[in-house]
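Participant: One structure, pasted below without further comment.
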Amino acid sequence: MSEERTEGERLAELAKRRGYFFGASGAYGGAAGFYTFGPQGAALKSNVEDAWRDRFTVQEGNFEIEAPTIMPEPVFEASGHLDGFDDMLVECPECGTSHRADHLIEDNTDLEDAESLPIAEVEDLIAEHDLQCPNCGAHLAGEPVEDFNLMFETNIGPGSSTPGYLRPETAQGIFVEFPRIKEYARNSLPFGATQIGRAYRNEISPRKSIVRTREFTQAELEQFVDPERDEPDLDSVRDVEVTLYPATEQGADDGEYVETTVGEAVEEGIVGDAWIGYFLGVAQEWYERVGVDMDRFRFRQHLAGERAHYAADCWDAESEVDGDWIEIAGFAYRGDYDLSKHGEHSDDDFTIFRQFDEPKTVEKSVVDPDMSVLGPEFGGDAADVQSALEELAERDPSAFEDEEVSVTVGGETKIVDADVANFRVEEQTVSGEHITPHVIEPSFGVDRTVYTLLAHAYHEDEVDGETRSYLSLSPAVAPTDVGVFPLVSNVDELVDRSEALVDDLRESGFSVVYDDSGSIGRRYRRQDEVGTPFCVTVDRDGLEDEGPDSVTIRERDTARQVRVPIDALVEELRAVTSGERAFDDLVEAYDLVAPGADS
RNA sequence: GCGCCAGUGGUCCAGUGGUAGGACAGUGGCUUCCCAAGCCACUAGCCCGGGUUCAAUUCCCGGCUGGCGCACCA
């Protein structure tokens with residue numbers, strides 16, 4: 001059958017030829033890591049996004065936001081991307097090649113983990129050891145070492161006084177807006193916020209078609225929960241079967257998958273957190289619905305060293321293409337890391353007030369210093385003395401038993417009369433406490449999902465001794481719902497009726513392609529190749545036979561056809577494209593048209 | 001970023017120091033009542049820059065883009 005081209009090569013060729021995706025800006029030589037989605041690809045991607053939105057936003061009762069792709073520098077100082085997302089590069093003065101400065105040091109000295117050293121020290125080390133360019137041998141001493149940050153930098157407004165960055169993940173847009181989002185959620189956990197949008201990373205080396213690009217689309221859900229109180233609806237996915245590849249199995253070459261159910265995986269602790277387990281189950285069903293080949297799909301647990309330091313547990317959804325596993329989604333338990341960071345760096349409140357079941361009465365030691373005494377006595381230090389007293393009251397109430405109490409302010413001991421401090425123990429009613437919600441983050445790569453769907457949908461078979469290639473895309477995501485053809489194009493009545501049908505179907509909400517060129521077989525193959533699930537053909541038999549006018553509906557994957565009255569067409573197409581009915585049901589209900597029977 | 005390989009119509013390829021040919025696809029027409037048929041006509045190409053040369057798509061250098069391996073992937 002097909003020669004030795006890989007799945008990826010066939011896919012790239014089909015994608016270019018049929019308008020799924022192609023390298024962007026080709027007229028000017030192109031730009032690595034950027035792709036344009038053509039008419040088919042844009043429609044497919046949009047359908048994938050809609051399907052994701054329906055499942056992870058609408059069905060979950062979450063809400064979607066759309067944050068800017070550019071955010072000011074402090075956002076990324078808080079998130080850690082500014083410090084933790086860069087490499088140290090040194091450029092050779094002779095040949096102009098760039099090298100990882102930390103790697104040069106590690107390779108040529110006994111030092112390890114040079115990445116964590118300050119830049120000045122790295123420069124000193126290069127001079128001290130007289131390191132040379134690995135490419136041309138030139139001496140690198142004295143050359144500046146620069147940070148290469150993987151974020152795209154820009155300036156907000158004129159001048160360069162306000163640096164901004166293109167977000168490297170959509171998530172920060174949600175975290176940053178948490179204070180407002182929580183108001184919208186009426187300050188009650190749990191709730192989830194989603195976002196579908198672009199993210200940008202100035203990758204050193206973009207690879208593998210649309211799998212690793214510099215601009216890509218993510219669909220992310222940030223599920224905010226109270227770690228002590230909130231539980232997912234695990235029952236709804238308890239019996240969903242999943243293929244797991246736990247960290248413990250990945251050490252050996254012959255590590256084995258664990259075939260189990262979501263419920264068991266959580267109960268046995270293979271998946272450490274119920275929320276993660278829940279989303280694995282939801283994702284499993286969603287991927288199946290949009291058309292991922294589940295025999296080429298698994299959930300892989302991150303190894304301990306691979307995990308971000310804040311992630312308690314992390315699983316990836318992976319799909320297989322050309323024998324390689326590619327990460328198409330990540331499921332991370334991020335704890336309170338992100339919200340805490342933004343809480344520390346900004347003035348806003350990133351906590352939620354959690355009421356106790358019953359208000360608690362607590363005894364609290366307080367002071368209420370007489371500032372009319374402290375003021376004149378301590379001058380500018382008065383306020384500091386006050387807060388030192390408050391702090392001492394909480395820490396050591398016994399200090400107020402004597403007539404005088406001493407506190408240390410700015411290295412000096414200050415003596416205050418106990419009367420002036422006005423120490424007392426109060427009963428306070430506390431109705432709750434502020435907590436920082438924990439976050440479970442299912443994060444989907446939309447482009448990689450599209451890539452997987454195309455790769456898994458690509459099939460070849462034989463029809464009448466000829467090879468045929470077709471995309472078995474799910475009707476849920478296929479760019480076009482239905483093709484409409486007159487069986488032959490030189491009969492006006494067939495053409496007119498076909499065109500009228502196109503209008504009807506479009507008004508009914510279908511995405512329709514009309515085609516009357518060449519032979520009918522060629523038109524079928526064309527639609528097969530772009531994955532249109534159904535074709536409707538208007539023929540003379542259907543108009544001239546006794547009974548109501550009828551047309552044929554052809555199923556893409558099997559090339560079977562049934563004859564359906566035109567009056568029932570919209571209803572039946574809606575049923576089969578929504579998945580409500582299988583084509584087999586139509587075969588039961590209507591006459592099967594045998595290929596070539598009429599000729 | 002490093003190393004190896006590659007870049008010719010829309011796609012996949014052949015070829016040449018004197019500016020190119022096929023297959024498939026596409027368009028128009030003829031034919032056609034069910035699966036890439038046939039006939040006629042047409043559209044359309046040597047990645048970019050520099051060098052060598054009378055002459056470069058071809059040879060050399062650089063760049064860009066792509067593939068693979070390494071590295072990277074917070």
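The values are calculated or read from the model by the stated rules, or taken from the named source; none is laboratory data. Since we're looking at a predicted model, the values are computed, not measured. FYI the Cβ positions are ideal-geometry reconstructions off the backbone, even for glycines, and counts take in every protein chain you see. Remember, those area values only see protein heavy atoms, side chains included, never the ligands or the DNA or RNA. Shrake-Rupley method; radii C 1.70, N 1.55, O 1.52, S 1.80 Å.
Participant: Residues of region A:9-27 being open to solvent by 40 Å² or more (accessible area, probe 1.4 Å), assigned to a helix (DSSP H, G or I) and more than 8 Å from RNA strand B (Cβ to nearest atom), which ones?
Facilitator: Those that are open to solvent by 40 Å² or more (accessible area, probe 1.4 Å), assigned to a helix (DSSP H, G or I) and more than 8 Å from RNA strand B (Cβ to nearest atom): A:Arg10, A:Arg18, A:Ala27.
Participant: Please note which strands (runs of 3 or more DSSP E) are completely contained in region A:543-599 and include at least 1 residues that are surrounded by fewer than 18 Cβ atoms within 10 Å (Cβ to Cβ). Talk me through it step by step, then tell me what you get.
Facilitator: Details: elements: A:550-555, A:561-565, A:591-593.
The qualifying strands (runs of 3 or more DSSP E) are A:561-565, A:591-593.
Participant: While we're here: At pLDDT 85 or above and either surrounded by 15 or more Cβ atoms within 10 Å (Cβ to Cβ) or not acidic (Asp, Glu) (or both), is that true of A:Phe356?
Facilitator: On the way: at pLDDT 85 or above: yes; either surrounded by 15 or more Cβ atoms within 10 Å (Cβ to Cβ) or not acidic (Asp, Glu) (or both): yes.
The answer is yes for A:Phe356.
Participant: If I filter region A:52-74 for residues that are outside any loop (DSSP other than H, G, I, E, B), touching a helix residue (DSSP H, G or I) at 6+ places or on another chain (Cβ under 6 Å) and modelled with pLDDT under 95, do I get at least one hit? Let's see the steps before the verdict.
Facilitator: Going through region A:52-74, the residues outside any loop (DSSP other than H, G, I, E, B) turn out to be A:52-58, A:63-64, A:70-74.
With the extra rule that they be touching a helix residue (DSSP H, G or I) at 6+ places or on another chain (Cβ under 6 Å), the set shrinks to A:55, A:64.
Subsequent filtering for residues that are modelled with pLDDT under 95 retains none.
No, that holds for no residue.
Participant: If you take the residues of region A:166-218 that are among the aliphatic types (A, V, I, L, M) and in a helix (DSSP H, G or I), which of them is farthest from A:Asp324 (Cα to Cα)? If you could, list the steps in order and put the result at the bottom.
Facilitator: So the first thing to find is which residues in region A:166-218 are among the aliphatic types (A, V, I, L, M), and the list is A:166, A:171, A:174, A:176, A:181, A:185, A:189, A:193, A:196, A:199, A:204, A:210-211.
Still in the list and also in a helix (DSSP H, G or I): A:171, A:174, A:176, A:181, A:210-211.
Values: A:Ala171: 27, A:Ile174: 32, A:Val176: 36, A:Ile181: 39, A:Ile210: 15, A:Val211: 12 Å.
It comes out as A:Ile181.
Participant: In region A:32-54, which residues are within 16 Å of RNA strand B (Cβ to nearest atom), more than 19 Å from A:Tyr200 (Cα to Cα) and surrounded by fewer than 16 Cβ atoms within 10 Å (Cβ to Cβ)? Give the derivation first.
Facilitator: Applying the first criterion (within 16 Å of RNA strand B (Cβ to nearest atom)) to region A:32-54 yields A:32-41.
When the remaining residues are screened for being more than 19 Å from A:Tyr200 (Cα to Cα), the result is A:38-41.
The one that is within 16 Å of RNA strand B (Cβ to nearest atom), more than 19 Å from A:Tyr200 (Cα to Cα) and surrounded by fewer than 16 Cβ atoms within 10 Å (Cβ to Cβ): A:Pro39.
Participant: Are any residues in region A:353-370 under 13 Å from A:Glu390 (Cα atoms) and not polar (S, T, N, Q), and if so, which ones? Let's see the steps before the verdict.
Facilitator: Of the residues in region A:353-370, the ones under 13 Å from A:Glu390 (Cα atoms) are A:364-370.
Result: A:Lys364, A:Val366, A:Val367, A:Asp368, A:Pro369, A:Asp370.
Participant: Checking A:Thr261 against (1) open to solvent by 20 Å² or more (accessible area, probe 1.4 Å); (2) touching a His at 6+ places or on another chain (Cβ under 8 Å), which single condition isn't satisfied?
Facilitator: The single condition A:Thr261 does not satisfy is (2).
Participant: Answer with yes or no whether A:Phe350 is modelled with pLDDT of 90 or more and either farther than 30 Å from A:Ala12 by Cα or in a helix (DSSP H, G or I) (or both). Steps first, please.
Facilitator: Details: modelled with pLDDT of 90 or more: yes; either farther than 30 Å from A:Ala12 by Cα or in a helix (DSSP H, G or I) (or both): yes.
So A:Phe350 fits the description; yes.
Participant: Considering only region A:328-358, state which residues are touching a helix residue (DSSP H, G or I) at 6+ places or on another chain (Cβ under 8 Å) and of a type in the set (D, E, K, R).
Facilitator: A:Asp338, A:Lys341, A:Glu344, A:Asp348, A:Asp349
Participant: Which members of region A:227-258 meet the condition of being among the acidic types (Asp, Glu) and either outside any loop (DSSP other than H, G, I, E, B) or buried (at least 16 other Cβ atoms within 10 Å of the Cβ) (or both)?
Facilitator: Filtering region A:227-258 down to residues among the acidic types (Asp, Glu) leaves A:228, A:230-231, A:233, A:235, A:239, A:241, A:249, A:253-254, A:256.
If the condition is that a residue be among the acidic types (Asp, Glu) and either outside any loop (DSSP other than H, G, I, E, B) or buried (at least 16 other Cβ atoms within 10 Å of the Cβ) (or both), then A:Asp230, A:Asp235, A:Glu241, A:Glu249 are the ones that fit.
Participant: State which residue pairs qualify: first residue without any contact (Cβ under 8 Å) to a residue 24 or more places away in the chain and of a type in the set (S, T, N, Q) and inside region A:192-208, second residue part of a loop (DSSP other than H, G, I, E, B) and buried (at least 20 other Cβ atoms within 10 Å of the Cβ) in any location, beta carbons under 7 Å apart, and separation of 6 or more residues or different chains.
Facilitator: none
Participant: Continuing with the same structure: Before we move on, is A:Thr537 near RNA strand B (Cβ under 7 Å from one of its atoms), touching a Ser or Thr at 6+ places or on another chain (Cβ under 8 Å) and at pLDDT 95 or above? First the steps, then the outcome.
Facilitator: Values: near RNA strand B (Cβ under 7 Å from one of its atoms): yes; touching a Ser or Thr at 6+ places or on another chain (Cβ under 8 Å): yes; at pLDDT 95 or above: yes.
Considered against the rule, which asks whether it is near RNA strand B (Cβ under 7 Å from one of its atoms), touching a Ser or Thr at 6+ places or on another chain (Cβ under 8 Å) and at pLDDT 95 or above, A:Thr537 comes out as yes.
Participant: When the residues of region A:480-525 are narrowed to those that are within 29 Å of A:Lys45 (Cα to Cα) and open to solvent by 70 Å² or more (accessible area, probe 1.4 Å), which ends up farthest from RNA strand B (Cβ to nearest atom)?
Facilitator: Of everything passing the filter in region A:480-525, A:Glu507 is farthest from RNA strand B (Cβ to nearest atom).
Participant: Looking only at region A:414-445, count how many residues are of a type in the set (A, V, I, L, M) and closer than 30 Å to A:Pro168 by Cβ. Give the steps one after another, and end with the answer.
Facilitator: Kept after step one, since they are of a type in the set (A, V, I, L, M), are these residues of region A:414-445: A:415-416, A:418, A:420-421, A:425, A:430, A:435, A:439-440.
Now restrict to residues that are closer than 30 Å to A:Pro168 by Cβ: A:435, A:439-440.
So the answer is 3.
Participant: Would region A:176-198 turn up any residue that is over 28 Å from A:Pro437 (Cα atoms) and either open to solvent by 60 Å² or more (accessible area, probe 1.4 Å) or modelled with pLDDT of 95 or more (or both)?
Facilitator: At the first step, the residues of region A:176-198 found to be over 28 Å from A:Pro437 (Cα atoms) are none.
Scanning region A:176-198, I find no residue that is over 28 Å from A:Pro437 (Cα atoms) and either open to solvent by 60 Å² or more (accessible area, probe 1.4 Å) or modelled with pLDDT of 95 or more (or both), so the answer is no.
Participant: If a residue has to be aromatic (Phe, Trp, Tyr) and either within 16 Å of RNA strand B (Cβ to nearest atom) or over 25 Å from A:Ser346 (Cα atoms) (or both) to count, how many in region A:178-232 make the cut?
Facilitator: Looking only at region A:178-232, we keep the residues that are aromatic (Phe, Trp, Tyr), and these are A:178, A:184, A:191, A:200, A:216, A:224.
With the extra rule that they be either within 16 Å of RNA strand B (Cβ to nearest atom) or over 25 Å from A:Ser346 (Cα atoms) (or both), the set shrinks to A:200, A:216.
Here the count works out to 2.
Participant: Here's something else I'd like to know. Considering only region A:427-473, give the strands (runs of 3 or more DSSP E) lying wholly within it that have at least 2 residues that are among the aliphatic types (A, V, I, L, M), touching a strand residue (DSSP E or B) at 6+ places or on another chain (Cβ under 6 Å) and outside the structural domain of A:Tyr287 (by TED's automatic domain parsing).
Facilitator: Values: elements: A:438-445, A:458-463, A:466-471.
Of the strands (runs of 3 or more DSSP E) lying wholly inside region A:427-473, those with at least 2 residues that are among the aliphatic types (A, V, I, L, M), touching a strand residue (DSSP E or B) at 6+ places or on another chain (Cβ under 6 Å) and outside the structural domain of A:Tyr287 (by TED's automatic domain parsing) span A:438-445.
Participant: Which one of A:Gly542, A:Gly547 is away from RNA strand B (no atom under 12 Å from the Cβ) and more than 43 Å from the chain's Cα centre (by Cα)?
Facilitator: Details: A:Gly542 fails: away from RNA strand B (no atom under 12 Å from the Cβ).
Sole residue among the options that is away from RNA strand B (no atom under 12 Å from the Cβ) and more than 43 Å from the chain's Cα centre (by Cα): A:Gly547.
Participant: Right, here's the next one. Somewhere in region A:532-539, is a residue open to solvent by less than 10 Å² (accessible area, probe 1.4 Å), part of a loop (DSSP other than H, G, I, E, B) and among the polar types (S, T, N, Q)?
Facilitator: Looking for residues that are open to solvent by less than 10 Å² (accessible area, probe 1.4 Å), part of a loop (DSSP other than H, G, I, E, B) and among the polar types (S, T, N, Q), one finds at least one in region A:532-539, hence yes.
Participant: Pick from A:Ala304, A:Ala388: which is closer than 30 Å to A:Asp447 by Cα and modelled with pLDDT under 85? Before you say what the answer is, go through the steps one by one.
Facilitator: Working: A:Ala388 fails: closer than 30 Å to A:Asp447 by Cα.
Result of the check over A:Ala304, A:Ala388: A:Ala304.
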